[in-house]
1. Output ³J(HN,Hα) for region 88-102: one whole-Hz value per residue in order, computed from phi by the Karplus curve 6.51 cos²θ - 1.76 cosθ + 1.60 with θ = phi - 60°, and x for Gly and Pro.
2. Using modelled backbone amide H atoms (1.01 Å from N, in-plane), which distant-in-sequence or interchain residues come within less than 5 Å of residue 142's amide H?
3. Could you tell me which GluC sites (Glu not before Pro) in region 321-371 are loop residues by DSSP with no more than 14 other beta carbons within 10 angstrom of their beta carbon?
4. With a ≥ b ≥ c taken as the square roots of the eigenvalues of the C-alpha gyration tensor of region 351-427, please select rounded if a/c is under 1.5 and otherwise prolate if a/b is larger than b/c or oblate if it is not?
5. Quick one: which residues, 5+ away or cross-chain, put their amide H under 5 Å from the amide H of residue 198? H built at 1.01 Å from N.
6. Sorted by mean Cβ packing within 10 Å, highest first, what order do the peptides 99-107, 288-296, 195-203 take?
7. Beta carbons within 10 angstrom, averaged per residue: use that to sort the peptides 232-245, 422-435, highest first.
Amino acid sequence: MSFLEKPVPGRLLLDDTVPLTAVIEASQNLQSHTEYIIRVQRGVSSDNSWYEHFSCLPLQVCGISLPLPPKKLIGNMDREFIAERQRGLQTYLDTVTQHPLLSSSLAVKKFLDPNNYSANYTEIALQQVSMFFRSDPKWEVLEPLRDMGWRIRKKYFLVKNKEQPKERYLLSWVSKTKDSYHCIPGKQSLIPYLCPLLFSSTSESSALLIRPFSEKGSLRDHICKVKPRESYLKKYCNPKKSQGLELSHIKLYGRQILEGLRLLHDAGVFFGHLHTCNVLVDDGVCRLMDVENGMLGIPSALRPAFTQFRKINTTESIDVFCFGHLLYEMTYGQPPDSVPIEQYPPAPSTAVVSVLQSILSTEACKSGMPTVSALMQTPLFSDVQLQRSEKLQIKVPSRLKEALKAAKESLEKRLREEQRLLHQHRRLTRAQSHHCSEEEKKRRKILARKSHSCLFFFFFFSCPSSGSGASSPPTCPSSPTPPPTTGMLVCPHTCHINCGSFLLSACLLSPICLSLCFGTYQTACVAPPRDKILPGLCCDSARCCSHQ
């Protein structure tokens, strides 16, 4: 893509979890101000890149200090000031794009990629919800819950049923994605540890779901001690009162969540979206929410994290990896900054750290995740007493089972392909980094000096000289003179010892043959039969080769 070329406008089905990176590559003076030009790239492929101009980002609501470099009214065209300000702006961009919540916000996406994030999804959702309510007039929209969730293409509304006017329900609208399967299990009102789904409807462009609204909020709301209706940037970016849960709650909630995962896995339903925002807590009972996300093709919030590890390549292992993140947040009051993790802060129990190490350590990420059943048998969760003792299960129709199986296979195939491409990109990046390192440059310089010295030694001693010490032009014997007793032939035009080739081969770390023919010698070279050549340097009329 040429400099400052814009991508073709149009609505693309993008994966919003793929990170965007931004690098300031140039600046230009325009009248009384300086314009900085940013190269933006989606993912690891340089093909998905374009250029944008720098402007301010409205991120004050997040509560995080993001200082922009200072401006000047006088002297703002100085080269030193422009370079200093460019470094400050680059630091600002790195902070924004590397923050998990800020980088996924609509303000940042629209700033870096306005072509693909210019649509007003709240208005689109309102239009489609209104059209749906015309066919089912018992539902009524009370208010849109703006910015309650972090997903750009998913909007929430508070609705009521006219037949039960005092009850409040949560309507979620989600736009079609590139991996939409549109196969949603039926009502989940009688399934424990799963949030009941009262209504669902899908179309070619979107899906609409209705479930009860919980005023007590999600598990993350409990950890951060915030109200569920507030903006997610305000709630979660820099929470002031966030703290980990007590050990008894960690054990109880963790066991209930594992029971919910076991129910889904036994029924062949894949989740992949387990995190503290998707767990509702009501009267000491945890319920998994948004179980249908995977079947709607919505990318997981932790997708950039688990695609780094090739052993996490099944939907079951993804759920276990996500559970490790959730357990860490329940323990320490905040999600981990990165994975793998080797050092853990003090925890309420060593049993908690043991489970975390079995999921989030380097060895676990490289060798594979434990199963849900194995986690339930650990000392942390094995002694938890649940109210329900009978065996629970989800009944899935056979036709839906086939659709779920096909969707699961498609999702895992795409994941493995992404992991393969990412692995190739990592190897290439490491090779380039090693090639450009100072240590490698120094090694190549030393090697070049040794090669030059060996060549000088070889050519110096290979030149014939007269008895008086004056150099004379080389002469060619009239006919080859074979060695007297061996019956083997030596090329008559080498006139050199093996040591030159040996030294040069040792310097270059590879075998090499040098034959020196000067003037008429080259035309007079006659290659003897290959099986009659002594080891050493050989002239060949077609090519030069080494015979060992």
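1. x, 5, 5, 4, 4, 5, 4, 4, 5, 6, 9, 7, x, 8, 5
2. Close amide H contacts, sequence-distant or interchain: 158, 159, 160.
3. Within region 321-371, the qualifying GluC sites (Glu not before Pro) (loop, at most 14 other Cβ atoms within 10 Å) are 342.
4. It comes out oblate by the Cα gyration axes.
5. Amide H neighbours of residue 198: 210, 211.
6. Highest mean packing first, the order is 288-296, 99-107, 195-203.
7. Going by the mean number of other Cβ atoms within 10 Å, highest first, we get 232-245, 422-435.
Here, each number is a calculation from the coordinates, and none is a lab measurement. Only a predicted model underlies this, so the values are computations on that prediction, with no experimental measurement involved. So basically every Cβ, Gly included, is an ideal-geometry build from the backbone, and we count neighbours across all protein chains shown.
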